[in-house]
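K.L.:
Got a structure for you, questions after.
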Amino acid sequence: MVAVKRAVPHLPIQVQIEPPLELDWIDRLKRAGADAIGIHIESLDPEVRARWTPGKASVPVAAYEAAWARAVDEFGHNRVSTYLLVGLGEDPDELVAGAERLIAMGVYPFVVPYRPLAGSLAHADGVPAPTPVLLTEVTLRVGAALAAVEMRGVDQVAGCAACGACSALAHAGG
């Protein structure tokens, strides 16, 4: 990353990691030139995590929270993001409440729909994508929470939330 920053200093870089065992790795990534960081949990619901992301579910949510807190300390408010997938069976109110907790920490909750791909195991399980009504409701509520504290994906500078193409949050206030 240092070499990339030397060669193209204006190119913003986001790194994506799982919570490291040693939180000082987050500091090292910042010092190496990362501008933003994504620490993606996918879901805050324990049952959804166990079913859809068993590897990530083996990492306690507390480890994600510690990593997010350290990352916000190192990278700054709204330079840390996490994916929250809509449509995996989570309670929409709990998803929004979790997003609001993340926002209060300074973490941008990048809300995107679950999209089962034909031929994938998820598609074979017959789990449909979220309904437009559900996705709209969750996106508007999270977008309003982001707008209330003036957090926007574009301010992430780099990465998925900065691009915004996979989510309607930018059109919902975030």
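K.L.:
How long is the range 1-48 along each principal axis, judged by its Cα atoms, biggest number first, in Å?
P.N.:
Reported extents, whole Å, longest axis first: 45, 21, 10.
K.L.:
Roughly how many nanometres apart are two label points built 7 Å out from the Cα toward the Cβ at Ser58 and Val149?
P.N.:
Inter-label distance under the simple model: 3.2 nm.
K.L.:
Let me ask something additional. Which value in nm describes the separation of the simple spin-label points at Leu121 and Arg51, placed 7 Å from the Cα toward the beta carbon?
P.N.:
In this crude spin-label approximation the distance works out to 1.4 nm.
K.L.:
Using Cα atoms only, what is the angle between the long axis of helix 61-75 and the major principal axis of the chain, expressed in degrees (0 to 90) to the nearest 10?
P.N.:
Helix 61-75 and the main axis of the chain meet at about 40 degrees.
K.L.:
Leaving ligands and nucleic acids out of the surface, order Trp68, Trp25 by accessible area at 1.4 Å, largest first.
P.N.:
Of Trp68, Trp25, the descending order of accessible area is Trp25, Trp68.
K.L.:
Counting only heavy atoms of protein chains, what accessible area per residue, in Å², does the range 37-115 have with a probe of 1.4 Å? Each step should come with its number before you reach the end.
P.N.:
Values: 3110 Å² over 79 residues.
Normalised by residue count, the accessible surface of the range 37-115 is 39 Å².
K.L.:
Using just the C-alpha positions of the chain as equal point scatterers, what log10 of I(q)/I(0) does the Debye formula give at each q in 0.09, 0.10, 0.20 1/Å?
P.N.:
-0.31, -0.38, -1.34
K.L.:
Might you report the magnitude of the Cβ-based charge dipole of the range 29-120 about its Cα centre, with Lys and Arg at +1 and Asp and Glu at -1, to the nearest 20 debye? Display every interim value, and only then the final one.
P.N.:
Values: 9 positive and 12 negative charges, 90 e Å.
Once rounded to the nearest 20, the dipole reads 440 debye.
K.L.:
Measure out, as a whole number of angstrom, how far apart the alpha-carbon centroids of the range 1-28 and the range 115-165 sit.
P.N.:
With the range 1-28 and the range 115-165 each reduced to a Cα centre, they are spaced 25 Å.
K.L.:
May I ask you to give the percent of accessible area on the chain that is carbon plus sulfur, with a probe radius of 1.4 Å?
P.N.:
60 percent
K.L.:
What list of ³J(HN,Hα) values in whole Hz, one per residue of the range 80-88 in order, does the Karplus curve 6.51 cos²θ - 1.76 cosθ + 1.60 (θ = phi - 60°) give from phi, with Gly and Pro shown as x?
P.N.:
Result, rounded to whole Hz: 10, 9, 8, 7, 10, 8, 9, x, 9.
K.L.:
Please report, in debye to the nearest 20, how large the charge dipole of the chain is about its Cα centre when each Lys and Arg carries +1 at its beta carbon and each Asp and Glu carries -1 there.
P.N.:
Details: 14 positive and 20 negative charges, 138 e Å.
Its charge dipole is roughly 660 debye.
The values are calculated or read from the model by the stated rules, or taken from the named source; none is laboratory data. Source: prediction; values computed, not measured. All Cβ positions, even for glycine, are placed from backbone atoms using ideal geometry, and neighbour counts span all protein chains on display. Side chains are part of the model used for accessible areas, which takes the heavy atoms of the whole protein and leaves out ligands, DNA and RNA. Shrake-Rupley method; radii C 1.70, N 1.55, O 1.52, S 1.80 Å.
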